[in-house]
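Working notes, structure below.
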Amino acid sequence: MPATPAAPAAAETTAPAAQPAPSPAPAAAVDDALGGRLFDRWYTGKDFTPDSAKTPDAIDGRGGPFGNGSLPRADGAPWSNASGHDYRLKNLFGWDLRGSEGIAGPKYQNKKQVLAKNLLAGKESFDELLAWFDKGSTDSPGLGKVLSQDELRSLTSFVIGVRDGKLPHPDQVWTLSTTSPGRYTLNAGGDATRGARLIGERCARCHGADGTAMLFDDDEFSLGTHTRQKAYEDWAKILNGQPGTKMGRQVKSTTGKEMAQEILDIFAALCDRKAFPKGAAKAADVPDKDVRCGAYLR
Ligand code: HEC
């Protein structure tokens, strides 16, 4: 039977309360925290094992568009992992997104796999940068065959957010240094008292009240010793979360500047070696006067 059109009079008198409750809105398709985790390690949870850097003559990974753990460049050719980037954007551009001008570059940590492009100095529109990540370039991988449109948009949104101020900029948290161990120092202006409160509220249930409940990098570091030595990395972990774990974004403010302040406050607190000790971690803590924590070091 053909459907009978609903009688307009009846429809108009139906009370809104009689309608079923709307289903919950779907999770936002574009999520810049997810984008940051994809920047960190986009293949966590995907069937992709990167080509091994230890066998430079063979492309011998698993998954991806070629089935061998590689990605194409813009010309479509598979791009090997000989330089050891492992196809992670944080390796190609550094934890500060600045490529060879930033912390991974020759003036600082001097990582051989870093690319020239400074993502924070670009002027691309959202769509232009999205297309660049999608297709790749002469020396960077195209992610369009391994990420969904929503994932690509989330990644682009993360990079543009850091670049244009919606998210914290690394310069608001730490400063590059050619002489400091780790090649950075924390900025002044952190409030360790507030930071300790935020850690108690947000981190302690997983990391323990003193940050030793979970050790990182094959038990090398506690939360405190990691941040005292690698805050250039941890700012991104706190902002975006840790790929593949229940740790999501840990900042709650709505502006980049306020989020940066939350991160700096947390770092100032984590520079207290008594409150956040090394516990059973294998690597040594920082010595007195270590300049990374600077005046925050206790
Ligand atoms: C829901 C649990 C959870 C919460 C809440 C949480 N984390 Fe995590 N965090 C984890 C897990 C799990 C890891 C991964 C540990 C690993 O890689 O071995 C992690 C990793 C990290 C790392 C990365 C270490 C590395 O070597 O890569 C940092 C830094 C960190 N957390 C800091 C924090 C801070 C600071 C807070 C609070 C503001 C916080 N986390 C809140 C579960 C949590």
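Stretching Asp150 away from Asn110 to a fully extended chain increases their span by 11.1 nm, per 0.36 nm per residue minus the current alpha-carbon distance. Reported to the nearest whole Å, the Cα centre-to-centre distance from region 32-103 to region 251-281 is 29. Across the chain, C-alpha contacts under 8 Å between residues 6 or more apart give a mean separation that, scaled by the residue count, equals a relative contact order of 17 percent. Taking each of Lys112/Lys252; Lys54/Lys274; Lys246/Lys278; Lys46/Lys257 in turn, the alpha-carbon distance tops 31 angstrom for Lys112/Lys252; Lys54/Lys274; Lys46/Lys257.
Using a cutoff of 8 angstrom between alpha carbon atoms and counting only pairs six or more residues apart, the relative contact order for region 32-167 works out to 26 percent.
For the chain, the longest principal axis of the alpha carbon atoms and the long axis of helix 192-202 meet at an angle near 50°. State the cysteines of the chain left without a partner when partners are defined as other cysteines whose beta carbon lies under 4.7 Å away. Within the chain, the cysteines lacking a partner Cβ under 4.7 Å are Cys203, Cys206.
Between 0 and 90 degrees, the angle of helix 223-240 with respect to the longest Cα principal axis of the chain falls at about 20 degrees.
Rg and Dmax of the chain, based on Cα coordinates, read 22.8, 85 Å.
What shape does region 174-296 take by its C-alpha gyration tensor, where a ≥ b ≥ c are the square roots of the eigenvalues and a/c under 1.5 counts as rounded, a/b above b/c as prolate, and the rest as oblate? Note, shape of region 174-296 comes out rounded. On the beta carbon distance between Ala295 and Asp57, with R0 = 45 Å, the FRET formula returns roughly 0.35. Taken as Cα centroids, region 145-174 and region 189-215 sit 25 Å apart, rounded to the nearest whole angstrom.
Rounded, prolate or oblate: which fits region 45-183, taking a ≥ b ≥ c as square roots of the Cα gyration tensor eigenvalues, rounded meaning a/c under 1.5, else prolate when a/b beats b/c? Verdict is oblate for region 45-183.
The amide H of Tyr184, built 1.01 Å from its N in the peptide plane, has Ser177 as neighbours under 5 Å, considering only residues 5 or more places off or on other chains. Counting only alpha carbon atoms, the long axis of helix 256-270 and the longest principal axis of the chain meet at about 40°.
No lab work stands behind these numbers, since they all come straight from the coordinates. Predicted, not measured: the structure shown is a model, and the values here were computed from it. Cβ sites come from the backbone with ideal geometry, for glycine too, and all protein chains shown count toward neighbours.
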